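What follows is a set of notes on a single structure, which appears directly below.
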Amino acid sequence: MSIILELNPTTDQVAKAQGMSEEMGILNNSITKGKGNVIGFLGEIVLADHFGWAQANTYDYDLVMPNGSTVDVKSKQCRSTPLPHYECSISSYNIKQQCDYYAFTRIKSDYSVLWFAGLMPKALYFTQATKKHRGEVDPSNGFVFKSDCFNLPLSELQEYTE
């Protein structure tokens, strides 16, 4: 079980994420039609700065750890502290990405807090995750899935130890 790490993005980190989002525009198959770009970039920037990982921003991964392992960061916007039973998701569109790990963050809507929920090796993620289908309703919270995806409770993620 991972321990959720709480970090506070700086105004410089938020500004950098906003600039990167504007430069990128809207990606194909974007579930949020580009509205999540700032959240996504902010997750990458804060983790890179906090852990000393290098930003790469390739199609396959976002960050590189000092040992050379590659990390694709998945970030979700939220309004409150995530709980262990909350789930992280990977869209079926993204399963072909060549990365070693997925890292999961939740970011408060006003960008004031980022929660790092943990990591999972890519190969292990898909053996433990549950496949959800577009239009399916999550009985625990009424959420309707906007695309096919693979979900896993945050409590199943691994901590990062340097």
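For this structure, a couple of remarks:
- Gln77 vs. criteria open to solvent by 20 Å² or more (accessible area, probe 1.4 Å), without any contact (Cβ under 8 Å) to a residue 60 or more places away in the chain and more than 20 Å from Val14 (Cβ to Cβ): no
- All positions within region 125-143 that are of a type outside the set (Gly, Ala, Ser) and closer than 24 Å to Ala103 by Cβ: Tyr125, Phe126, Thr127, Gln128, Thr130, Lys131, Lys132, Asp138, Asn141, Phe143
- For region 57-68, a tally of residues being part of a loop (DSSP other than H, G, I, E, B) and either crowded, with 17+ Cβ neighbours inside 10 Å or among the β-branched types (Val, Ile, Thr) (or both) returns 4.
- Residues in region 106-133 that are of a type in the set (D, E, K, R) and surrounded by 13 or more Cβ atoms within 10 Å (Cβ to Cβ): 4 in all.
- Residue tally, condition part of a strand (DSSP E or B), in contact with a Ser or Thr (Cβ under 7 Å, 6 or more places away or on another chain) and either open to solvent by 60 Å² or more (accessible area, probe 1.4 Å) or not polar (S, T, N, Q) (or both), over region 90-105: 1
- Residue in region 69-81 that is closer than 22 Å to Leu7 by Cβ, under 16 Å from the mean Cα position of the chain (by Cα), part of a loop (DSSP other than H, G, I, E, B) and of a type in the set (Lys, Arg) present: yes
- Only a single criterion out of (1) in contact (Cβ under 8 Å) with a residue 12 or more places away in the chain; (2) over 12 Å from Glu6 (Cα atoms); (3) surrounded by fewer than 18 Cβ atoms within 10 Å (Cβ to Cβ) is not satisfied by Glu87, namely (3).
- Sub-6 Å Cβ pairs linking a first residue in region 43-62 that is farther than 20 Å from Leu5 by Cα to a second residue that is part of a strand (DSSP E or B) and open to solvent by 10 Å² or more (accessible area, probe 1.4 Å), at least 6 apart or interchain, are Ala56/Val64; Tyr61/Thr70, ordered by first then second residue.
- Residues being under 15 Å from the mean Cα position of the chain (by Cα), more than 14 Å from Leu154 (Cα to Cα) and of a type in the set (Lys, Arg) - total across region 82-110: 1
- The one condition in (1) free of Cβ contacts under 8 Å to residues at least 24 places away in the same chain; (2) closer than 21 Å to Ile39 by Cα that Ala103 fails to fulfil: (1)
The values are calculated or read from the model by the stated rules, or taken from the named source; none is laboratory data. Note that the structure is a prediction, hence the values are computed from the model and not measured. Methodologically, a virtual Cβ is constructed for each residue, glycine included, from the backbone with ideal geometry; neighbour enumeration extends over all protein chains shown. Accessible surface areas use protein heavy atoms only, side chains included; no ligands, DNA or RNA. Shrake-Rupley method; radii C 1.70, N 1.55, O 1.52, S 1.80 Å.
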